[in-house]
Amino acid sequence: MNLKKIFAGLVILAVTAAATGFVKFDDDPIIKKIVDQLEKWTSDHPQEKVYLQLDKPYYGVGDNIWLKAYITVGPEHRLSALSGALNVELLDEQDSVKQWIKLPVTSGVTWGDLALSDTLQEGNYRIRAYTNWMRNAGPDYYFEKNIAVGNAATNTVFTKATYSYTKANGAQKVDATINYVDLDNAPYAGKEVSYAVKLNNKQILKSKGVTDDKGNLAVSFLNTTPAATSSGSIVTNIKVADKKTVTKTISFSSASGQVDVQFFPESGNLVNGLRSRIAFKAVGPDGLGVDIKGTVTDNDNQELAAISTRHLGMGIFAITPQSGKTYKAQITYPDGSQNTVTLPQALPQGYVLTVNNNDTASISVRVNGAAGVDSKNVYLVAQSSGAVCYVARNNAGSNSFSAVIPKSKFPSGIAQFTLFSATGEPLNERIAFVQRQDDLLKMSVNADQPNSAPRQKVKISLNARNNGGKPVVGVFSAAVIDESKVQSDETAETSIMSQLLLTSDLKGYVEQPNYYFTKANEKTAADLDILMMTQGYRRFEWKPLMANQLPPTLYQPEKSLQISGTLKTSGGKPVPNGKIMLLTTAGGTFILDTVADSQGKFAFKNLVFKDSIKFVLQARTAKGSKNVEIALDNLPSQAKMSSKRMPDLQINSVAALTSYLKYSKKQYDEEAKYGIGNHTIMLKEVTVTEKRKSAVSNSSNLNGPGNADQVITSDALDKMGCTTIDQCLQGRLLGVIFRNGIPYSTRSFNSPMQLIVDGIYVEGDYLTTIPPSNVASIEVLRTIGNTAIYGSRGGGGVLIINTKRGGEYAYNASQIYSPGIVTYTPKGFYSARQFYAPKYDDPKTNTVLADLRTTIHWVPNILTDSNGNASFEYFNAGSKGTYRVVIEGINDEGFIGRQVYRYQVQ
């Protein structure tokens with residue numbers, strides 16, 4: 001892969017900038033090496049990013065999650081042609097994958113949905129999306145979003161928990177208060193509760209209690225584990241009625257009230273004698289920022305600076321460290337408690353790299369070296385997503401220099417400034433965010449009427465233009481929700497800007513990412529600059545990059561689906577030039593064949609098939625022998641790992657979610673009443689006194705199990721004492737004879753019978769490879785009444801073999817050993833469903849059904865025309881309120897946009 005053409009316009013070795021003490025020098029060997037290595041990295045490792053637009057910020061069981069994916073590549077965020085498949089996963093609180101779909105990607109976009117069954121447990125879930133190519137960068141750079149899934153359909157008890165922390169006998173004491181209420185917020189007072197406390201999956205306490213008049217239960221325990229951030233849960237069983245007990249699990253990510261405070265000197269280190277800015281970040285045990293205040297003093301108790309958070313636990317101050325001095329921060333927390341934190345030790349020699357990013361048009365950079373520092377050449381390199389945007393070298397003998405760099409030299413996103421020594425060793429580093437307006441789309445969204453009525457038809461119009469006012473052709477998606485039912489915090493949302501420009505390049509959790517984009521101003525820009533000083537960019541490490549020691553590429557882009565593997569002998573040696581056939585009967589007969597190479601490797605490429613399709617691979621050596629084994633190339637599964645990017649949500653304590661669940665309950669009941677929606681029917685308990693057992697189980701007979709001219713079950717086979725199925729059946733099947741182990745019907749001696757094993761069509765000689773002990777039943781179809789459904793393939797008769805698969809046999813069919821044949825069910829493409837919305841101008845629409853939709857409409861694929869226009873229509877739901885339209889998208893130049901529009905339904 002080579003993206004040199006894409007990046008060439010951004011590699012600027014002699015930029016126009018106001019500089020003092022800098023010399024732009026594009027033929028310097030150190031600069032040349034840095035630029036060459038970065039160019040090689042971007043060419044060999046182009047960076048794909050994924051953003052998913054979802055229809056809602058949270059959900060209830062029985063809901064559908066509607067999603068649109070945008071996959072971009074490179075610093076200009078152009079839609080990617082690199083990958084042809086996207087993995088989307090739903091993970092629970094234990095980081096187990098509950099759902100996994102693979103979506104086909106065309107020109108960098110795709111869409112789909114996740115159905116939340118009403119049997120799903122309420123809790124915190126994560127949506128994770130990535131391409132196979134992105135696995136090389138690792139999970140830190142996947143798309144991830146935390147969502148809360150509540151349950152009002154079958155849940156009658158809602159909880160919220162608060163925690164306080166003290167010290168007892170040298171251990172952390174945790175006092176939890178759990179509140180129990182119903183959906184209408186009425187407390188469960190005077191109810192018996194038994195509970196168990198677990199830390200790191202180990203039970204440390206088991207006890208009982210009774211809720212007070214407000215529905216509160218007090219639970220106290222000691223955290224004696226070494227890790228202050230021990231995760232755990234409180235499993236409670238509350239007796240809400242004489243014969244009804246409800247189990248509720250309250251999870252927490254930390255059993256400590258300790259606030260983590262870290263200090264980050266600008267560009268990496270404090271240096272004696274040089275004034276330096278220091279950013280800090282205070283994070284609570286829930287992963288969210290905490291407001292703190294305090295002072296910075298030296299070892300003589302001289303106060304040097306006052307500190308106070310300005311946004312989400314972050315702040316900044318400046319000091320000039322001196323030789324022989326040490327520094328500490330006296331911190332006061334919100335609860336009045338205090339603590340002392342030692343600041344990083346200052347270096348005796350070195351440089352301080354200062355970046356001022358408070359001007360909308362340019363970035364000011366200054367480098368100061370300590371007195372006596374070696375004044376040899378140093379180099380400044382600025383890059384964005386691997387594309388070099390600015391390089392410069394100081395004048396010989398100068399250890400202080402500065403430059404003013406136009407922001408037009410950078411694309412929107414994170415820019416990394418690195419100071420290198422004369423030998424090319426990285427000395428200092430600072431990242432800054434470039435927030436240009438000229439590469440964002442200007443979008444206008446309007447409804448045909450600013451006010452409309454319930455169930456009235458609405459037309460939404462979109463116009464998209466670039467910063468110059470010219471119309472753009474782009475791809476967009478739109479979600480319309482009833483904001484009266486689905487309340488949202490726009491600053492805490494994940495948007496196409498916050499994901500593609502900011503969080504996709506950062507490790508760790510970014511709180512309220514859309515705050516920096518919703519209403520961008522001087523304050524949000526200053527807060528974002530502090531975030532840059534506390535977060536850090538690590539797409540690559542400079543030292544291994546310069547030494548050509550980057551890790552190898554383990555995962556290739558999935559252009560399409562493929563099935564590949566190696567042919568081997570029983571001893572493990574490759575079988576060269578073997579013949580392989582791939583076949584399936586799903587949706588009609590599908591057969592492909594190919595030849596292995598000299599190493600026995602084969603591949604069926606450019607396949608497109610739906611999920612859960614079963615294939616059969618049959619192989620022979622070049623001389624036709626079936627004594628060959630097929631080893632398939634299965635992609636290693638995504639490693640299970642917890643996300644450090646998301647703090648926990650308390651499912652039932654989020655006021656907006658609790659309010660939403662009331663409407664969700666009404667919608668659930670209404671849909672269940674008319675038998676529509678994504679619901680599982682919960683039956684009352686019944687007692688089965690007698691069960692009729694079918695003689696044929698797991699049958700693939702198209703006529704129905706047992707509807708055959710003759711049936712032989714495993715009971716009869718077990719008594720025959722034969723070693724292969726063809727031996728067992730010789731002379732025992734009416735109207736069937738065997739030639740060289742292949743069955744023929746006496747009705748058609750010229751054509752062998754079609755052999756079907758577990759629904760897979762295989763060759764007749766496959767019969768000799770099946771051990772009788774693996775067979776549950778055999779169905780013989782000879783007469784036209786039974787074979788007609790198989791068409792021409794059943795002209796010679798059909799022999800159906802049903803193998804033992806679990807149940808009373810406790811047998812796994814995949815354990816059948818058959819040389820030269822393998823059955824395989826690879827992960828195929830998910831077929832996205834279409835969003836359903838009623839059409840009230842259609843007389844067939846059920847108008848009696850209460851329309852309680854919360855997602856009013858979802859349009860995943862909107863295309864603007866040459867004038868930048870697009871539109872879509874739908875009908876309002878049956879309730880009044882404020883409807884919120886969110887449209888996001890991108891054009892072919894990588895310009896992205898988002899627009900929120902509201903209208904009233906009265």
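Key figures
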read-out: Total residues in the stretch 414-430, condition surrounded by fewer than 22 Cβ atoms within 10 Å (Cβ to Cβ) and under 15 Å from TYR390 (Cβ atoms); value: 2
read-out: Some residue of the stretch 50-65 being open to solvent by 10 Å² or more (accessible area, probe 1.4 Å), part of a strand (DSSP E or B), over 21 Å from ARG898 (Cβ atoms) and not hydroxyl-bearing (Ser, Thr, Tyr); value: yes
read-out: Considering residues of the stretch 555-585 that are in a loop (DSSP other than H, G, I, E, B) and polar (S, T, N, Q) only, the residue farthest from PRO46 (Cα to Cα); value: SER570
read-out: Matching option when the condition is among the hydrophobic types (A, V, I, L, M, F, W, C) and at pLDDT 85 or above, among ALA877, ALA810; value: ALA877
read-out: Test: residue in the stretch 886-894 that is over 23 Å from the mean Cα position of the chain (by Cα), β-branched (Val, Ile, Thr) and assigned to a strand (DSSP E or B); value: no
read-out: Entirely in the stretch 153-253, the strands (runs of 3 or more DSSP E) that have 1 or more residues that are touching a residue at least 24 places away in the same chain (Cβ under 8 Å) and within 23 Å of TYR333 (Cα to Cα); value: 158-168, 171-181, 216-223, 244-252
read-out: Residues satisfying the stated conditions in the stretch 699-744, i.e. under 15 Å from THR769 (Cα atoms), touching a strand residue (DSSP E or B) at 6+ places or on another chain (Cβ under 6 Å) and open to solvent by less than 30 Å² (accessible area, probe 1.4 Å); value: ASP726, PRO743
read-out: Filter result (within 14 Å of LEU781 (Cβ to Cβ) and either outside any loop (DSSP other than H, G, I, E, B) or not charged (D, E, K, R) (or both)) within the stretch 702-728; value: LEU702, ASN703, GLY704, PRO705, GLY706, ASN707, ALA708, GLN710, VAL711, ILE712
read-out: Strands (runs of 3 or more DSSP E) within the stretch 261-338 that include 2 or more residues of a type in the set (A, V, I, L, M), closer than 25 Å to SER400 by Cβ and touching a residue at least 12 places away in the same chain (Cβ under 8 Å); value: 276-283, 303-308, 314-319
read-out: In the stretch 187-207, the residues that are open to solvent by 40 Å² or more (accessible area, probe 1.4 Å) and among the hydrophobic types (A, V, I, L, M, F, W, C); value: ALA189, ILE204, LEU205
read-out: Index of the failed condition, ARG539 passing every other in (1) in contact with a Gly (Cβ under 8 Å, 6 or more places away or on another chain); (2) part of a loop (DSSP other than H, G, I, E, B); (3) over 30 Å from THR354 (Cβ atoms); (4) of a type outside the set (S, T, N, Q); value: (3)
read-out: Residues of the stretch 495-540 satisfying the condition of being surrounded by fewer than 21 Cβ atoms within 10 Å (Cβ to Cβ) and either under 17 Å from the mean Cα position of the chain (by Cα) or aromatic (Phe, Trp, Tyr) (or both); value: LYS507, GLY508, TYR509, VAL510, TYR537, PHE540
read-out: Residue in the stretch 827-840 that is closer than 30 Å to THR621 by Cα and part of a loop (DSSP other than H, G, I, E, B) present; value: yes
read-out: Per-region count, the stretch 526-542, residues over 10 Å from PHE433 (Cβ atoms) and acidic (Asp, Glu); value: 2
read-out: TYR142 out of contact with any helix residue (DSSP H, G or I) (no Cβ under 6 Å at 6 or more places or on another chain) and open to solvent by less than 30 Å² (accessible area, probe 1.4 Å); value: yes
read-out: Answer from SER461, SER498, SER504 - the residue that is assigned to a strand (DSSP E or B), touching a residue at least 12 places away in the same chain (Cβ under 8 Å) and not hydrophobic (A, V, I, L, M, F, W, C); value: SER461
read-out: Matching residues in the stretch 296-337 - criterion: being out of contact with any strand residue (DSSP E or B) (no Cβ under 6 Å at 6 or more places or on another chain) and among the aromatic types (Phe, Trp, Tyr); value: TYR333
read-out: The stretch 745-801 - residue that is in contact (Cβ under 8 Å) with a residue 60 or more places away in the chain and part of a loop (DSSP other than H, G, I, E, B) and, of those, least open to solvent (accessible area, probe 1.4 Å); value: GLY797
read-out: Per-region count, the stretch 345-358, residues open to solvent by 50 Å² or more (accessible area, probe 1.4 Å), in contact (Cβ under 8 Å) with a residue 24 or more places away in the chain and either under 38 Å from the mean Cα position of the chain (by Cα) or on the phi > 0 side of the Ramachandran plot (or both); value: 1
read-out: Residue tally, condition assigned to a loop (DSSP other than H, G, I, E, B), out of contact with any strand residue (DSSP E or B) (no Cβ under 6 Å at 6 or more places or on another chain) and more than 23 Å from VAL434 (Cβ to Cβ), over the stretch 478-495; value: 5
read-out: Residue match in the stretch 151-168 (condition: in contact with a Pro (Cβ under 9 Å, 6 or more places away or on another chain), among the hydroxyl-bearing types (Ser, Thr, Tyr) and more than 30 Å from LEU554 (Cα to Cα)); value: yes
read-out: Yes/no for GLU629 being touching a helix residue (DSSP H, G or I) at 6+ places or on another chain (Cβ under 9 Å) and among the acidic types (Asp, Glu); value: no
read-out: Residue count for the stretch 434-458, restricted to those that are assigned to a strand (DSSP E or B) and of a type in the set (D, E, K, R); value: 2
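Yes or no, residue by residue, for (1) at pLDDT below 95; (2) exposed (fewer than 13 other Cβ atoms within 10 Å of the Cβ); (3) touching a strand residue (DSSP E or B) at 6+ places or on another chain (Cβ under 7 Å):
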{"site": "ALA837", "(1), (2), (3)": "yes, no, yes"}
{"site": "ASP842", "(1), (2), (3)": "yes, yes, no"}
{"site": "LEU849", "(1), (2), (3)": "yes, no, no"}
{"site": "ILE856", "(1), (2), (3)": "no, no, yes"}
{"site": "THR864", "(1), (2), (3)": "no, no, yes"}
{"site": "TYR883", "(1), (2), (3)": "no, no, yes"}
{"site": "GLU888", "(1), (2), (3)": "no, no, yes"}
{"site": "ASN891", "(1), (2), (3)": "no, no, yes"}
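Okay, residues lined up against (1) modelled with pLDDT under 75; (2) open to solvent by less than 80 Å² (accessible area, probe 1.4 Å); (3) farther than 30 Å from LEU91 by Cα:
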site	(1), (2), (3)
PHE602	no, yes, yes
SER625	no, yes, yes
LEU632	no, yes, no
LEU635	yes, no, no
PRO647	yes, yes, no
THR658	no, yes, no
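The values are calculated or read from the model by the stated rules, or taken from the named source; none is laboratory data. Quick caveat: nothing in here was measured; it's all calculated off a predicted structure. Every residue, glycine as well, gets a Cβ built from its backbone with ideal geometry; the counts of neighbours run over all protein chains shown. Heads up: the accessible areas ignore ligands, DNA and RNA and are worked out on the full protein's heavy atoms, side chains in. Shrake-Rupley method; radii C 1.70, N 1.55, O 1.52, S 1.80 Å.
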